[in-house]
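The structure appears below as structure tokens.
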């Protein structure tokens with residue numbers, strides 16, 4: 001539990017090692033589900049286990065492995081769906097009355113304030129959700145990795161700018177909650193990322209794009225471990 005009155009419950013679900021998160025507001029017992037997918041029964045069971053009322057659904061982006069449980073979850077809970085407007089336009093899905101947001105907006109879950117960051121790169125409207133000194137990053141930022149940019153909606157130049165902004169604007173002790181369990185550990189701080197995430201080592205957009213699009217997937221295997229800037233230089237990748 002954080003000093004801000006919320007808890008983040010992580011569940012690894014489905015065949016693609018997805019993390020689904022339940023954000024619990026401890027004062028009101030309200031709960032937001034981030035990226036409901038795969039095994040909705042387990043999501044509902046976890047909420048019931050902690051006596052939580054699912055009132056909100058937060059989407060980091062619209063790829064199927066992160067949203068395929070929305071309709072089923074809405075059959076169990078009268079919840080409001082939240083996503084960024086650029087992602088809704090990219091997705092072109094007929095959600096009934098979703099709440100559309102812009103980067104920098106804040107929403108309230110009981111007594112918990114959640115800031116929505118627009119972090120394009122994996123998709124045009126990818127979002128991260130910041131709660132106090134913790135952040136849920138979806139497929140924008142993994143532990144020692146980042147989301148692919150060669151899928152529908154991907155843009156490596158935008159990803160470079162997004163990660164650059166995160167490096168510059170977020171505190172180094174911020175705790176990262178990624179969208180997939182692809183690494184040797186499930187979570188880490190931004191400081192850990194700055195030290196060991198190869199995508200955080202690039203200061204030049206062209207070099208970053210080359211590494212993301214042509215080198216990374218040929219040279220790294222899961223689970224991702226830390227790579228220092230010096231290791232990239234020795235491998236002539238930086």
Checklist outcome for this item: Across the range 61-78, the tally of residues that are over 15 Å from residue 100 (Cβ atoms), in contact with a helix residue (DSSP H, G or I) (Cβ under 7 Å, 6 or more places away or on another chain) and surrounded by 18 or more Cβ atoms within 10 Å (Cβ to Cβ) stands at 2
Checklist entry - What residue, of 168, 231, is out of contact with any helix residue (DSSP H, G or I) (no Cβ under 7 Å at 6 or more places or on another chain), in a helix (DSSP H, G or I) and either farther than 30 Å from residue 5 by Cβ or in contact (Cβ under 8 Å) with a residue 60 or more places away in the chain (or both)? => result 231
Next on the checklist: Anything in the range 105-119 that is more than 16 Å from residue 133 (Cβ to Cβ) and either in a strand (DSSP E or B) or within 16 Å of the chain's Cα centre (by Cα) (or both)? List them, or say none.
Outcome noted: 107, 108, 109, 116, 118, 119
Checklist entry - If you take the residues in the range 13-29 that are out of contact with any helix residue (DSSP H, G or I) (no Cβ under 9 Å at 6 or more places or on another chain) and crowded, with 20+ Cβ neighbours inside 10 Å, which one is nearest to residue 131 (Cα to Cα)? => result 23
Checklist outcome for this item: Within the range 81-106, the residues that are out of contact with any helix residue (DSSP H, G or I) (no Cβ under 9 Å at 6 or more places or on another chain) and more than 24 Å from residue 163 (Cβ to Cβ) are 92, 94, 97, 99
Checklist entry - Of (1) closer than 25 Å to residue 215 by Cα; (2) outside any loop (DSSP other than H, G, I, E, B), residue 130 satisfies all except one. Which? => result (1)
Next on the checklist: Just the residues that are over 22 Å from residue 152 (Cβ atoms) and without any contact (Cβ under 8 Å) to a residue 24 or more places away in the chain, please, taken from the range 204-214.
Outcome noted: 204, 206
Next on the checklist: Considering only the range 174-186, I want to know if a residue exists there that is in contact (Cβ under 8 Å) with a residue 60 or more places away in the chain, surrounded by fewer than 17 Cβ atoms within 10 Å (Cβ to Cβ) and under 19 Å from residue 10 (Cβ atoms).
Outcome noted: yes
Checklist entry - Hey, any hits in the range 40-60 for a residue that's buried (at least 24 other Cβ atoms within 10 Å of the Cβ), under 13 Å from residue 82 (Cβ atoms), in contact (Cβ under 8 Å) with a residue 60 or more places away in the chain and in contact with a helix residue (DSSP H, G or I) (Cβ under 9 Å, 6 or more places away or on another chain)? => result yes
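Taken together, the values in this text are just the output of simple stated rules run on the coordinates, not laboratory data. Quick caveat: nothing in here was measured; it's all calculated off a predicted structure. Cβ coordinates were reconstructed from backbone atoms using ideal geometry, including for glycine residues, and neighbour counts include every protein chain displayed.
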